[in-house]
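Q: Pasting a structure here, questions to come.
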Amino acid sequence: MAGLVRRGMPVVLMLFTAQLVVACGSGPPVQEMSDARQAIAVAREAGAEERAAEQLRDAEELLDRAQQKLSDRAYEEARHNALQAKLKALDALARTEQPQRDE
């Protein structure tokens with residue numbers, strides 16, 4: 001009997017892990033939204049409004065869309081938009097850190 005229990009444990013563990021992964025991915029994207037907001041704030045503080053205005057505006061629009069999708073409980077779309085907003089904000093930050101060219 002003990003051998004049967006030991007052999008069944010990997011299956012139980014695998015099923016539990018699969019449920020955990022599904023549960024984590026299907027809830028509200030709280031961390032992704034927070035990450036996007038923080039990235040936008042850092043980019044803004046670094047001067048992105050002047051040196052990377054288009055990228056910063058795109059990031060803010062994506063975050064607004066993510067917030068709307070979150071309100072609609074469309075969590076996967078909200079997660080996608082929040083991740084894209086974070087990437088755009090990081091792009092804006094990178095552009096602010098580039099040396100300015102003399103024009």
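Q: Name every residue in segment 64-81 that is of a type in the set (Gly, Ala, Ser) and in contact with a Lys or Arg (Cβ under 9 Å, 6 or more places away or on another chain), in order of residue number.
A: ALA66, ALA78
Q: Applying the selection to segment 73-87, what residues are within 10 Å of the chain's Cα centre (by Cα) and either touching a residue at least 24 places away in the same chain (Cβ under 8 Å) or under 12 Å from ILE40 (Cα atoms) (or both)? Walk me through how you get there before you give the answer.
A: Step one: filter segment 73-87 for residues within 10 Å of the chain's Cα centre (by Cα), giving 78-87.
Scanning segment 73-87 gives ALA78, ARG79, ALA82, LEU83, GLN84, ALA85, LYS86, LEU87.
Q: Being farther than 11 Å from LEU90 by Cα and either among the acidic types (Asp, Glu) or in contact (Cβ under 8 Å) with a residue 40 or more places away in the chain (or both) is the filter here; which residues of segment 48-60 pass it? Steps first, answer last, please.
A: So the first thing to find is which residues in segment 48-60 are farther than 11 Å from LEU90 by Cα, and the list is 49-51, 53-54, 57-58, 60.
Selection gives GLU49, GLU50, ARG51, GLU54, ASP58, GLU60.
Q: Which one is modelled with the lowest pLDDT, of the residues in segment 62-100 that are polar (S, T, N, Q) and within 15 Å of ALA52 (Cβ to Cβ)?
A: GLN100
Q: Follow-up. Could you list, in sequence order, the residues of segment 56-72 that are over 13 Å from the mean Cα position of the chain (by Cα) and hydrophobic (A, V, I, L, M, F, W, C)?
A: Matches in segment 56-72: LEU56 only.
Q: Please specify each residue of segment 61-74 satisfying the condition of being in contact with a helix residue (DSSP H, G or I) (Cβ under 7 Å, 6 or more places away or on another chain) and over 13 Å from ASP91 (Cβ atoms). Let's see the steps before the verdict.
A: From segment 61-74, those in contact with a helix residue (DSSP H, G or I) (Cβ under 7 Å, 6 or more places away or on another chain) are 62-63, 65-66, 69-70; that's our starting set.
Selection gives LEU63, ARG65, ALA66, LYS69, LEU70.
Q: Anything in segment 56-77 that is crowded, with 17+ Cβ neighbours inside 10 Å and of a type in the set (S, T, N, Q)? List them, or say none.
A: GLN67
The values are calculated or read from the model by the stated rules, or taken from the named source; none is laboratory data. If you're wondering where the values come from, they're calculated on a predicted model, not measured in any experiment. Because the Cβ atoms are built from the backbone with ideal geometry, glycine has one as well, and the counts that use them run over all protein chains shown.
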